[in-house]
Amino acid sequence: MTDFVDPPNKEDILRQLDSLKTADDTNRFVETHFPGWLVLSLPEYSKDYPHLQNNWEKICVMAKCKPQYIILVSDITFDETHVATSVIAEFMTRNGYCVRRAEEFIACEKCERAIPCRNLWGLMREKNIPVPKQWSGKCSGC
């Protein structure tokens, strides 16, 4: 895995964020400055995990935007050497994207909706968050 530490020109890069108007602009921007950070985009969460979809939609209401895509990224690290990717993730969230670590989610084998990986499913289950009784790589309706 590549470590997406802040480049020396991070302030210049971050100043460009406000000029991004579309999803394509954002994708090109990220791929230019942090190639490989964006791993996959998914349309929504599996219907088996409605609380995840509901949380995302509530965040979008607070941000006064519409849900766009779930964006899986190779890493999100919150420290003083990874400020740029953290700020970009926050920018994307304010614009309707749900930014998650690629190691935590997979795409349903059939419909491409986001499903928590087995480990995350197990953590949710341990915390009594409603999840399917068995983990699966596809939605129960697929």
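The values are calculated or read from the model by the stated rules, or taken from the named source; none is laboratory data. All values reported here derive from a predicted model rather than from experimental measurement. We place every Cβ from the backbone using ideal geometry, glycine too, and count neighbours over all the protein chains shown.
For segment 83-99, give me each residue that is among the aliphatic types (A, V, I, L, M) and either in contact with a strand residue (DSSP E or B) (Cβ under 8 Å, 6 or more places away or on another chain) or crowded, with 19+ Cβ neighbours inside 10 Å (or both).
84, 88, 89, 92, 99
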* Based on what the data block shows, is residue 26 in a helix (DSSP H, G or I) and surrounded by 12 or more Cβ atoms within 10 Å (Cβ to Cβ)? -> yes
* Please go through segment 70-82 and pick out each residue that is surrounded by fewer than 19 Cβ atoms within 10 Å (Cβ to Cβ) and either at pLDDT 95 or above or closer than 23 Å to residue 119 by Cβ (or both). => 74, 75, 76, 77, 78, 79, 82
* Considering each of 44, 109 in turn, give the residue that is within 24 Å of residue 139 (Cα to Cα), charged (D, E, K, R) and at pLDDT 95 or above. => 44
* Hey, any hits in segment 100-112 for a residue that's surrounded by fewer than 16 Cβ atoms within 10 Å (Cβ to Cβ), on the phi > 0 side of the Ramachandran plot, more than 12 Å from the chain's Cα centre (by Cα) and free of Cβ contacts under 8 Å to residues at least 60 places away in the same chain? -> no
* Structure fact -> Only unsatisfied item for residue 117, checking (1) within 14 Å of residue 46 (Cα to Cα); (2) in contact (Cβ under 8 Å) with a residue 24 or more places away in the chain; (3) surrounded by fewer than 18 Cβ atoms within 10 Å (Cβ to Cβ), is (2)
* To do: For segment 53-62, indicate whether the set of residues that are without any contact (Cβ under 8 Å) to a residue 40 or more places away in the chain and assigned to a loop (DSSP other than H, G, I, E, B) is non-empty.
  => no
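Would you confirm whether any residue within segment 29-43 is free of Cβ contacts under 8 Å to residues at least 60 places away in the same chain, of a type outside the set (D, E, K, R), closer than 29 Å to residue 128 by Cα and surrounded by 15 or more Cβ atoms within 10 Å (Cβ to Cβ)? Write out each step before concluding.
Residues of segment 29-43 that are free of Cβ contacts under 8 Å to residues at least 60 places away in the same chain, as a first pass: 29-38, 41.
Cutting the leftovers down to of a type outside the set (D, E, K, R) gives us 29-30, 32-38, 41.
Checking the rest, the ones that are also closer than 29 Å to residue 128 by Cα come to 41.
Now restrict to residues that are surrounded by 15 or more Cβ atoms within 10 Å (Cβ to Cβ): 41.
Within segment 29-43 (the criterion being free of Cβ contacts under 8 Å to residues at least 60 places away in the same chain, of a type outside the set (D, E, K, R), closer than 29 Å to residue 128 by Cα and surrounded by 15 or more Cβ atoms within 10 Å (Cβ to Cβ)), the answer is yes, since at least one residue qualifies.
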* To do: Within segment 58-69, identify whether any single residue is crowded, with 19+ Cβ neighbours inside 10 Å and within 12 Å of the chain's Cα centre (by Cα), and answer yes or no.
  => no
* Structure fact -> Scanning segment 5-23 for residues that are outside any helix (DSSP H, G or I), among the β-branched types (Val, Ile, Thr) and within 16 Å of residue 90 (Cα to Cα) gives 22
